[in-house]
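Undergrad: Dumping the structure here so I can ask a few things about it.
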Amino acid sequence: MLSPAPSGWTLFRNRDFRLFGGARFLTGLAYQMQAVAVGWFVYDLTRSALALGFVGLASFAPAMLGALVTGHVADTYDRRRVAALAYGLLALAGLGLMGLAASHAAPVWPIYALMVLVGTARAFANPASQALLPTLVPRELFGSAIALNSSLWQSASVTGPAFGGLLYALGPAVVFGLAAACFALAALSIIRIRPRPAAVTTRPAVTWSTLLAGLTYIRSQPVVLGAITLDLVAVLLGGATALLPIFAQEVLFVGPLGLGLLRSMPALGSVATAILLAQRPLTRGVGPRLLIAVGVFGLATIGFGLSTSLPLSMACLFVTGAADMVSVYVRQSLVQGETPDAMRGRVAAVNTVFIGASNELGEFESGTLAAFIGAVPAVVVGGVATLAVAALWGRLFPALRRRDHLVT
């Protein structure tokens, strides 16, 4: 059942949470505007679904390859400064993309190189910011903080794609320049948060044991492991984000503005669900609800793949966002709420790899599969596979299927 938690909105009286939330909104806005512009720009240059897949791979590879190091950095250095420096690097990458777009005849490989830089900066920013959030709010409001933080991110994800698609009419350089400005403002916001005590009093030696601590912890927690791997596999197989430019141009015939609307729909569904969860947190039956949500995600993905109507496609994407928000809420509550502070950065870095794999690597998978069998069959097959995963995970992780409360 659900129980009201009206005190969640009092979090906005917290100065540090407001600064954190502002940075979260600005980076979400910048990421989404940039994603729309990069996708359309690369497809304009190449007309290749595989090229769109490589954009996702270039963004994800640094997080996967550097997860052990970035988590260690988040646990041994000032998390505010780590995040601020990473946002500054993202601003520089945005300026680089702006320069390429302004040249009007850019080859595609420098775009991939800059997306590797974007992925590297995000690999440091994500675990630092994720580990910082629990230190900003009282534990009893932590569930609401996760939901409100997600709603801020997803609110930016609603406006960002539509705004980016609209501004793309003025040229991709305009979108990339505005994204760079947002990243710079986010860096200034996050650094103004009051300093927090270091997660560890002395910096430990860099050994395989310390680097692997986050992965070891997750493996020792079957419910956490089941939740994050479920999200990984489901969105990896069922995600259709990389193929939206193809659907916009060749299936729905709606152009850049329509692409922006399509990209906004999952985020809009997530925002609506996050606001509900902030006020009425899940308190019972969280395991079964998680499995059901993943099944709903798969069904909505199939509906999107088969649709030739813009309103129906938007509705299906809205449902995928709402279902995914339930997964995010449960996973983040378990991972951040139950992890000791001294290990949060390393655990968050591993979690970032799972998130990245289910998004950026999922884009590569979608683009590659679509190159062989077509965009529509690729999306439908992914939705069917997601349904199968939801059923399989219920059997592989009985502790997750039986989990009743978020916190035991």
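Undergrad: Quick one: Karplus J couplings for region 179-193, per residue in order, coefficients 6.51, -1.76, 1.60, θ = phi - 60°, nearest Hz, x for Gly and Pro?
TA: 4, 4, 5, 5, 4, 5, 5, 5, 4, 5, 5, 5, 6, 7, 5
Undergrad: Using alpha carbons only, how many angstrom separate the centre of region 112-141 from the centre of region 22-43?
TA: Result: 16 Å between the Cα centres.
Undergrad: Please list, in order along region 243-249, the HN-Hα scalar couplings obtained from phi with the Karplus expression 6.51 cos²θ - 1.76 cosθ + 1.60 (θ = phi - 60°), rounded to whole Hz, x for Gly and Pro.
TA: Once θ is set to phi - 60°, the couplings for region 243-249 become 8, 4, x, 5, 4, 5, 7 Hz.
Undergrad: Just to confirm, what accessible area per residue do you get for the chain at 1.4 Å probe, in whole Å²? Write down the numbers at each step before the final one.
TA: Details: 15750 Å² over 408 residues.
Heavy-atom SASA per residue in the chain reads 39 Å².
Undergrad: Can you pull the three principal axis extents for the Cα set of region 12-194, in Å, largest first?
TA: 52, 34, 25
Undergrad: Give the carbon-plus-sulfur fraction of the accessible surface of region 204-407 in %, rounded to a whole number; probe 1.4 Å, heavy atoms of protein chains only. Don't skip to the end; give the middle numbers.
TA: On the way: 5460 of 7610 Å².
Carbon with sulfur: 72 percent of the solvent-accessible area.
Undergrad: Something else: Can you give the relative contact order of the chain as a percent, counting alpha carbon pairs under 8 Å and 6+ residues apart? Mind dumping the intermediate values first?
TA: On the way: 782 pairs, mean separation 122.6, N = 408.
The value is 30 percent.
Undergrad: What list of ³J(HN,Hα) values in whole Hz, one per residue of region 77-94 in order, does the Karplus curve 6.51 cos²θ - 1.76 cosθ + 1.60 (θ = phi - 60°) give from phi, with Gly and Pro shown as x?
TA: Running phi through 6.51 cos²θ - 1.76 cosθ + 1.60 with θ = phi - 60° gives 10, 4, 5, 5, 5, 4, 5, 5, 5, 5, 5, x, 5, 5, 5, 5, 5, x Hz.
Undergrad: Which entry in [x] 20.4; [y] 21.6; [z] 17.8 is this structure's computed mean projected area of the Cα convex hull in nm²?
TA: [z]
Undergrad: How many nm is it between the label spots at residue 50 and residue 341, if each spot is 7 Å from the Cα in line with the beta carbon?
TA: For residue 50 paired with residue 341, the spin-label model returns 5.1 nm.
Undergrad: Around residue 327, what is the net charge, scoring Lys/Arg as +1 and Asp/Glu as -1 over all other residues with Cβ under 14 Å from its Cβ? Don't skip to the end; give the middle numbers.
TA: Working: positive: 289, 331, 403; negative: 231, 324.
The answer is +1.
The values are calculated or read from the model by the stated rules, or taken from the named source; none is laboratory data. Small disclaimer: the values here were computed from a predicted structure and weren't measured. Please note: Cβ atoms are built from the backbone with ideal geometry, for glycine as well, and neighbour counts cover all protein chains shown. For the accessible areas, the whole protein counts, side chains as well, though only heavy atoms, and no ligand, DNA or RNA atoms are used. Shrake-Rupley method; radii C 1.70, N 1.55, O 1.52, S 1.80 Å.
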